[in-house]
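First the structure, in the form of structure tokens, and then the observations on it.
What follows draws every value from the coordinates through simple rules; no lab data is involved. These numbers come from a predicted model, not from an experiment. Don't worry about glycine lacking a Cβ; one is built from the backbone with ideal geometry, like all the others, and counts go over all protein chains shown.
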Amino acid sequence: MMVADVGMLREMLASLPRAAFAFAYGSGALNQDPPIAFSPHPHISHTTTTTANPCSSSSSISTTTTLTTTTALSASVSAIKGSSSRGGSSSSAPCSGFVLSKRGGNKAKMVDFIVAVEDPASWHEENMTTCGNTAHYSSLMRALGPRACARLQDAQHFGARMYFNTLVPFRSERPQQQLFKYGVISTTALAHDIKHWSWLYAAGRLQKPVRILTRNTQLERLNKLNIENAARAALLTLPETFREEDMYVALASLSYTGDVRMAVRAEDCDKTRHIVRGNPEGFRALYTPAVRMLTKAGMLCRASSCSTEFHQPHDVDSRARLLGALPERFLRKLAPARAPNTLSSCELAREIAQRGPLLSRKALLDALKSVVRASSLQQSVKGALTAGIVRSVKYAAAKFAAGRASFAVRAAAAAATASVRS
């Protein structure tokens, strides 16, 4: 498969109105075709603690961190230097507009963008008129106009405060045919999702490596907390001893837990492992600061300095500290039915932790499912309005085809394994 290079990503984004923050994600912008096995980093740096046992639960987690000029989010991407203007190109980008992914092939995948804007109504109006992108919208939304698009985008209890235009052909002189999809979200809604895990839609995508195209210091700094919270949540789903790859797969899985597309096999059932194996360096860059923070707090340690195996304490205090640092509104969703509403975050975290590692893990996964299932289902319904019937059917058909192909491969592999064993 072919992955769009930085130059082509910039050209696509330049066809849209200016955004306050924008990034590309998914298999069209980042390699997600994995090698046969996960490739450990040859030189793994780590931070040791002054305690005799680095996995001891005696130290406490700080819920505040010092913000630096280089954030975890910016470390996750193939950095796109220069200004964040609508135009611009990359002098180092190959002229073809694509780079081959590890499995090769010459088919270009659809590129996915999310653009955060200050004023959705003005942005949609400019997109329809000044930029001449009226054809990106469904006939219904064209008739209703840009203000209706903005109202639908920010409608409460209807999706993740996003408006998607999909299967958009990229007008270019390049020889390859390329489609892209872009989701529009207000900067206020994006900040809300990052801080509170209200929908885990845009925030969930930012828990994985992305390519930032338009920088926003405030949102990138805010996302550092999103990354740290994701690392805490992933630890709560993992056993006492686990591999580096297991941690990254757990991290990539958070925003897919409960996703209706996974439930109906409209996504590759091995998607999260493919994402990790296709871009292990991106995950390392993104999560190294969080791993160091958790190691320093005594919540995580490596088996040895060059090992890819981790250990974590599983005592009540450690679980309570991990839980207590999660977004408070999200933490309330983990509360047992009998828990009083008057409990503080710390008290509630301990109440959940005292149920044991398995029940704590189940409570976390159930909360993730409830958030992701609702937002993904509602956003899928909203997509039928924003994309129109024809585009929605084409997009869904492509997703189902990918899901069926993945299931067939897994079934064939299982049958071959069973045959060998017999």
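Protection proxy ranking for 245-258, 117-130, using the average of other Cβ atoms within 10 Å per residue and placing the highest first: 245-258, 117-130. A cut-off under 9 angstrom between Cβ atoms defines the neighbours of Tyr25, and their net charge, with Lys, Arg +1 and Asp, Glu -1, is +2. For Lys271, the aspartates and glutamates whose Cα falls under 20 Å of its own Cα, not counting residues fewer than eight places away in the same chain, are Asp33, Asp112, Glu244, Glu245, Asp246, Asp259, Glu281.
Quote the Stokes-Einstein diffusion coefficient, in whole µm² s⁻¹, for segment 196-331, based on the Kirkwood radius over alpha carbon pairs, a temperature of 4 °C and a viscosity of 1.567 mPa s. Intermediate results must be reported in sequence, preceding the final value.
On the way: Rh = 15.7 Å.
Rounded to a whole number, D works out at 83 µm²/s.
Which net charge results when you count Lys and Arg as +1 and Asp and Glu as -1 among the other residues whose beta-carbon is under 14 Å from that of Thr241?
-3
Computed from backbone phi with θ = phi - 60° and the Karplus coefficients 6.51, -1.76 and 1.60, the 3J(HN,Hα) list for segment 214-222 is 10, 7, 8, 4, 5, 5, 5, 5, 4 Hz; x is used for glycine and proline. Could you list, in their original order, any pairs among Lys208/Lys362; Lys195/Lys296; Lys224/Lys382; Lys224/Lys333 whose Cα atoms are separated by more than 25 Å? Pairs exceeding the cut-off: Lys224/Lys382. When each of the peptides 185-192, 196-203 is scored by the mean number of other C-beta atoms lying within 10 Å of its residues, the order from highest to lowest reads 196-203, 185-192. Taking Cβ atoms as reference points and 10 Å as the exclusive limit, the residues near Asp112 contribute a net charge of +3, counting Lys and Arg as +1 and Asp and Glu as -1.
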